[in-house]
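Asks: The structure follows.
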Amino acid sequence: MKIAKDCAVRIHYHLTDDEGEVIDSSSDHEPLAYLHGHGNLVPGVENALLGHSAGEKLSTVVPPAEGYGEHDPGLDIALDLDVFPDEVRAELQPGLMFKGGHPTEEEQVVSYTIVEVLEDRVHATGNHELAGVNLHFDLEIVEVRAATAEELSHGHIHGPGGHHH
Ligand code: ZN
């Protein structure tokens, strides 16, 4: 069976950047299970897998536009500590996420991640950590089957490598 929309697919993946540094890999885990055509993987990976079958191996380089987006310097922000409520201020630390307005696009909400907490201000970024990165994927398709009606209604795959409720 070839990969198409509404297929339940299990893949092994090995992801590196332009320098060959490993970003992520499934090699020590179970294969990743995902529902094809529902935005569960970045578009460049789903496009590369489309039409392929179990047992195939392929490599693809996904540019930022089809991955986690371009790095937007406007989303690297500094905020005065004053903007955070008293009870939150003591809890601020790198890695913490909060939602806020987009600096230029009105009405757009951005998820920011705190990068650094200084005495009087906080540096945060609304960029995904892989924004601007070319994603070098080595992919191995382990299994392709039709998704069940329940999986389709949930928008994800159940069982090994997928969601457990
Ligand atoms: Zn579910």
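Asks: When segment 67-94 is examined, which residues are found to be in contact (Cβ under 8 Å) with a residue 12 or more places away in the chain and closer than 23 Å to Asn134 by Cα?
Replies: Gly67, Tyr68, Gly69, Glu70, His71, Asp72, Gly74, Leu75, Asp76
Asks: Further, regarding this structure: Under 8 Å by Cβ, and 6 or more places apart or on different chains, what pairs join a residue from segment 120-147 that is closer than 16 Å to Glu19 by Cβ with one that is among the acidic types (Asp, Glu)?
Replies: Gly132/Glu70; Val133/Asp17; Val133/Asp18; Asn134/Asp17; Asn134/Asp18; Leu135/Asp17; His136/Asp17; His136/Asp18
Asks: Which residues, taken from segment 122-147, are in a strand (DSSP E or B), within 15 Å of Pro63 (Cα to Cα), open to solvent by less than 70 Å² (accessible area, probe 1.4 Å) and out of contact with any Gly (no Cβ under 6 Å at 6 or more places or on another chain)?
Replies: His136, Phe137
Asks: Turning to a different aspect of this structure: Being surrounded by fewer than 16 Cβ atoms within 10 Å (Cβ to Cβ) and in a helix (DSSP H, G or I) is the filter here, so list the residues in segment 61-74 that pass it.
Replies: Ala65, Pro73, Gly74
Asks: Tell me, yes or no, whether segment 98-114 has at least one residue that is among the aliphatic types (A, V, I, L, M), surrounded by 10 or more Cβ atoms within 10 Å (Cβ to Cβ) and at pLDDT below 95.
Replies: So far as segment 98-114 goes, yes, one or more of its residues are among the aliphatic types (A, V, I, L, M), surrounded by 10 or more Cβ atoms within 10 Å (Cβ to Cβ) and at pLDDT below 95.
Asks: If I ask for residues that are more than 12 Å from the chain's Cα centre (by Cα) and outside any helix (DSSP H, G or I), which ones from segment 36-51 would you list?
Replies: His36, Gly37, His38, Leu50, Gly51
Asks: Might you check whether a residue that is at pLDDT below 95, open to solvent by 30 Å² or more (accessible area, probe 1.4 Å) and under 16 Å from the mean Cα position of the chain (by Cα) occurs anywhere in segment 75-84?
Replies: No, the conditions are met nowhere in segment 75-84.
Asks: Just one of Ala8, Ala33 is more than 15 Å from the chain's Cα centre (by Cα) and assigned to a strand (DSSP E or B); which is it?
Replies: Sole residue among the options that is more than 15 Å from the chain's Cα centre (by Cα) and assigned to a strand (DSSP E or B): Ala8.
Asks: Using the structure shown, decide if Leu135 is within 16 Å of the ligand (Cβ to nearest atom) and within 22 Å of the chain's Cα centre (by Cα).
Replies: Considered against the rule, which asks whether it is within 16 Å of the ligand (Cβ to nearest atom) and within 22 Å of the chain's Cα centre (by Cα), Leu135 comes out as no.
Asks: Please enumerate the residues belonging to segment 148-158 that are open to solvent by 20 Å² or more (accessible area, probe 1.4 Å) and either more than 9 Å from the ligand (Cβ to nearest atom) or part of a helix (DSSP H, G or I) (or both).
Replies: Thr148, Ala149, Glu150, Leu152, Ser153, His154
Asks: Identify the residue in segment 1-60 that is over 16 Å from Gly162 (Cα atoms) and of a type in the set (Asp, Glu) and, among all such residues, is most open to solvent (accessible area, probe 1.4 Å).
Replies: If we take residues in segment 1-60 being over 16 Å from Gly162 (Cα atoms) and of a type in the set (Asp, Glu), then Glu19 is most open to solvent (accessible area, probe 1.4 Å).
Asks: Also, quick follow-up: Quick test of your reading of the structure: Ala48 fulfils all but one of (1) in contact with a Ser or Thr (Cβ under 9 Å, 6 or more places away or on another chain); (2) among the small types (Gly, Ala, Ser); (3) more than 30 Å from Ser153 (Cβ to Cβ). Name the failing condition by number.
Replies: (3)
The values are calculated or read from the model by the stated rules, or taken from the named source; none is laboratory data. Treat the numbers as computed from the prediction; the structure is a model and nothing was measured. Using ideal geometry, Cβ is built from the backbone for each residue, glycine included, and neighbour counts are taken over all protein chains shown. Heads up: the accessible areas ignore ligands, DNA and RNA and are worked out on the full protein's heavy atoms, side chains in. Shrake-Rupley method; radii C 1.70, N 1.55, O 1.52, S 1.80 Å.
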